[in-house]
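All remarks here apply to the structure that follows.
The values are calculated or read from the model by the stated rules, or taken from the named source; none is laboratory data. On a predicted model such as this, the values are computed, not experimentally measured, just so you know. Neighbour counts are summed over all protein chains in view; Cβ atoms, including those assigned to glycine, are modelled from backbone coordinates with ideal geometry.
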Amino acid sequence: MEIKQQCVVALTWTLKDTLGEVLDVLDTPVEFLVGGDDLLVRIEEALQGHGSGASVNLHLEPEDAFGDYQEQLIFLEPRNLFPAELEEGFTFEGSALPAGCSPAAPREALYTVTDIYPEHVVLDGNHPLAGIALRLALQVHGVREATEEEIGRGTAGAGFFRIQPSAPGGTLLH
């Protein structure tokens, strides 16, 4: 079966930056819905027409991946608003930021604590890969029709780079 809209594809990948540094490796196949919310549009386009066993290599500019880095998504917040056990790498949904945080911080963003000072905490609302051009080597391990439930949910259960941010230096993107 060829990859088309509303099918499920099982993929592995190696993700690198343009200098060749490995950012992530997925070596066990994971299923993604093509035509849903699981994959970046540029990746879906590149997969179209391929079948099981195919290898696809992509270069993604920031605008095709996670956007440009936005300085206005950096916020310096009072340290006393946050729990004592706060550590760099902790994440907060914008809607769950402590009362007293900047009203300019978009509530739909996910914020990562990047620095902790005695009086302030630095929150970064950028995606960890924002502003980075990426090289992605994909391997297709299987293709099948999507179920009605998967199509209705818009996902096969996994999202491409639906990051659960880890501490700085962490490499897991899935």
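The test for being of a type outside the set (K, R) and on the phi > 0 side of the Ramachandran plot does not hold for G125. For region 37-59, the candidate set comprises residues that are surrounded by fewer than 16 Cβ atoms within 10 Å (Cβ to Cβ) and of a type in the set (D, E); within that set, the residue that is farthest from A137 (Cα to Cα) is D37. Just one of the numbered conditions (1) touching a helix residue (DSSP H, G or I) at 6+ places or on another chain (Cβ under 6 Å); (2) of a type in the set (D, E); (3) assigned to a strand (DSSP E or B) is not true of D24: (1).
Looking across V140, V113, V41, V122, one residue alone is at pLDDT 95 or above and under 21 Å from C7 (Cα atoms). It is V140. Among the criteria (1) in contact with a Phe, Trp or Tyr (Cβ under 9 Å, 6 or more places away or on another chain); (2) closer than 16 Å to G142 by Cα; (3) assigned to a loop (DSSP other than H, G, I, E, B), the one I3 does not fulfil is (1). Going through (1) surrounded by 12 or more Cβ atoms within 10 Å (Cβ to Cβ); (2) more than 16 Å from the chain's Cα centre (by Cα); (3) not assigned by TED's automatic domain parsing to the domain that holds P106 one by one, L86 falls short only on (3). Within region 17-33, residues that are loosely packed, with under 15 Cβ neighbours inside 10 Å sit with their Cβ atoms under 6 Å from residues that are in a loop (DSSP other than H, G, I, E, B), at 6+ positions apart or across chains, in these pairs: D17/I132; T18/A133.
Yes/no matrix, rows are residues, columns are (1) in a strand (DSSP E or B); (2) free of Cβ contacts under 8 Å to residues at least 12 places away in the same chain; (3) at negative phi; (4) in contact with a helix residue (DSSP H, G or I) (Cβ under 8 Å, 6 or more places away or on another chain):
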{"site": "D38", "(1), (2), (3), (4)": "no, no, yes, no"}
{"site": "S52", "(1), (2), (3), (4)": "no, no, yes, no"}
{"site": "N57", "(1), (2), (3), (4)": "yes, no, yes, no"}
{"site": "E63", "(1), (2), (3), (4)": "no, yes, yes, no"}
{"site": "F66", "(1), (2), (3), (4)": "no, no, yes, no"}
{"site": "F75", "(1), (2), (3), (4)": "yes, no, yes, no"}
{"site": "P83", "(1), (2), (3), (4)": "no, yes, yes, no"}
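For region 93-148, residues that are farther than 23 Å from T18 by Cβ, hydrophobic (A, V, I, L, M, F, W, C) and not in a loop (DSSP other than H, G, I, E, B) total 9.
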